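Working notes, structure below.
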Amino acid sequence: MKKIFLYSLAVLASVILASCNGDYDDWAQPQHNPQEEAITIPGFTATPVVQSIDCSSVTTDSVSIFTLSEAALPEGFTLDNARLEIIPQGEDNAIKKNVNASIEGKSAVAELSEVIVYYYGKRPIAHSFVAHVYLNAVKNGDAVLIDAGKFNLEMTPKSPFIDSGYYLVGDMFNAEGVDGWNTVSAKQAFMHSDKDVYDDPKFTITFETKKADQYWKIIPKKNIDAGNFWADGVVGPKENGSISEKGDLTNVGSGAGMIKEPGKYILTLNMMDYSYTIKPAPELYMKGDANGWDGYDYLTGDGVHYTGFMYLNQNGFKFTTAPDWSGTGYGANFDTAPDAKNIVITEPAGYYKVEVDLSAKTYTLTPITSIGIIGAATPGGWDADTDLTYNKTERCWEVQDIKLKAGECKFRANKGWDINWGGTPDNLTQNGDNISVEAGTYDIKLYAWANGYAKCEFIKK
């Protein structure tokens, strides 16, 4: 370790004498109150060795940030406890964050990245900071705080690239006239929360395979937007042909994963650590007076959070993991005892969006006061809904003798776009593509249960 020296005993003595209350003895008795007021020493400064640091590109655990000038140090004194006091540039009143440093001016990359994340989050964008260097001159356990000056420093946090969206492509999306590897639709889009992707890096998709040995990969949204599916950045397992239910992902030379058995699955990505899990899609059911107790309505989700659309009344129901009661039943207060009381709503009977959180043991009801068909093919165009009526017997929404033009349409709830269905008639999803129809007079039925269980019928007359 390079020995660094203070300027002179006389300089230090005079500065300390001026800055301390009470009698001054000598250098053998420096102030005992730590960090009361920092002293400066002529010629003793910290000089930056870098102007910017991208924590993601640093391959070592620590990085050199500054060097210290040399000055004479009285006998028995050493320098210790170097650190950086960091605040965003131009934010003098911001809370200061401390980062440890060696006497050689090195700091841990992880600590620097934590500071950036504290102020600005994990998105890998460069930000400007002011770094202030402090050290202690120590003798016999007593310390004098030394101010080595400040400098500007640009830093980028250690985070991987995370796109705003992703699409699943593969064999399971092949259909007549459709190449599941080179086209995407709304049903192939991963779902994500409304949070920044660096605050919530998880993406999920529920899909179905009807054949064995179905291969898959993941296309980032940026490639779709650029019109080049297979540009750099395609994501897949590190091991080509992996059938593992979990593993590591890469966007450099990625392989293709494989689903061995037909079924419904949920694929979850964690793009912060580039990992994935894939497992059978869990289902939840509602059984109650509203569907005659012998029937059931679907909810789909990730094993904890579920969503479905259904008619409810005040005569009681339960949630269950199996429609034949062979699984776990959830009654009032999410009691799982066989004799648990039924859930009874206080809201009026009607059609609802039902959201269940099994972890919190809660459910939320959003009233569906209307469902309509809208679009260029409909009488009201894209400006007005043609309302459907709920049929309690068939548990569907329907309209009869509606005249449609050749064109496109969708279904939506409550005359807004927060809840809408599109895609293909036999597979409707939230925010799905517009539905193409031929001109004619139709009876229409919409079964709006849950993602993967929503469909419609266009009965042409």
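The values are calculated or read from the model by the stated rules, or taken from the named source; none is laboratory data. All figures in this text were calculated on a predicted structure; none of them were measured in a lab. We place every Cβ from the backbone using ideal geometry, glycine too, and count neighbours over all the protein chains shown.
Checked against (1) more than 18 Å from Gly350 (Cα to Cα); (2) modelled with pLDDT of 95 or more, Asp418 meets all criteria but (2). Quick check: is even one residue across region 158-179 over 30 Å from Gly76 (Cβ atoms), in a strand (DSSP E or B) and more than 29 Å from the chain's Cα centre (by Cα)? Looking for residues that are over 30 Å from Gly76 (Cβ atoms), in a strand (DSSP E or B) and more than 29 Å from the chain's Cα centre (by Cα), one finds at least one in region 158-179, hence yes. Residues being at pLDDT 95 or above and closer than 25 Å to Met191 by Cβ are represented in region 398-409 by at least one member. Taking strands (runs of 3 or more DSSP E) as the structural unit, those lying wholly within region 373-428 and holding at least 3 residues that are assigned by TED's automatic domain parsing to the domain that holds Trp449 and either surrounded by 19 or more Cβ atoms within 10 Å (Cβ to Cβ) or β-branched (Val, Ile, Thr) (or both) correspond to 396-404, 407-413, 420-424.
For every residue, the table says whether it meets (1) out of contact with any helix residue (DSSP H, G or I) (no Cβ under 9 Å at 6 or more places or on another chain); (2) surrounded by fewer than 14 Cβ atoms within 10 Å (Cβ to Cβ).
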site: Asn240; (1), (2): yes, yes
site: Asp248; (1), (2): yes, yes
site: Leu269; (1), (2): yes, no
site: Pro282; (1), (2): yes, no
site: Gly301; (1), (2): yes, no
site: Tyr306; (1), (2): yes, no
site: Asn315; (1), (2): no, yes
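Identification of strands (runs of 3 or more DSSP E) wholly contained in region 250-307 with 2 or more residues that are out of contact with any His (no Cβ under 7 Å at 6 or more places or on another chain) and under 12 Å from Phe319 (Cα atoms) yields 283-288, 297-301. Six or more apart or on different chains, Cβ atoms under 9 Å: show the pairs whose first residue is in region 188-207 and in a strand (DSSP E or B) and whose second is among the charged types (D, E, K, R). Final answer for the pair search is Ala189/Lys221; Thr204/Asp302; Ile205/Lys187; Thr206/Lys264; Thr206/Asp302; Phe207/Lys187; Phe207/Lys264. The condition of being under 30 Å from Phe44 (Cα atoms) and either among the aromatic types (Phe, Trp, Tyr) or in a loop (DSSP other than H, G, I, E, B) (or both) holds for only one of Phe229, Phe151, that being Phe151. Looking only at region 160-207, filter to residues that are surrounded by fewer than 16 Cβ atoms within 10 Å (Cβ to Cβ) and over 24 Å from Asn427 (Cβ atoms); which one of those is modelled with the highest pLDDT? Selected residue: Ser164.
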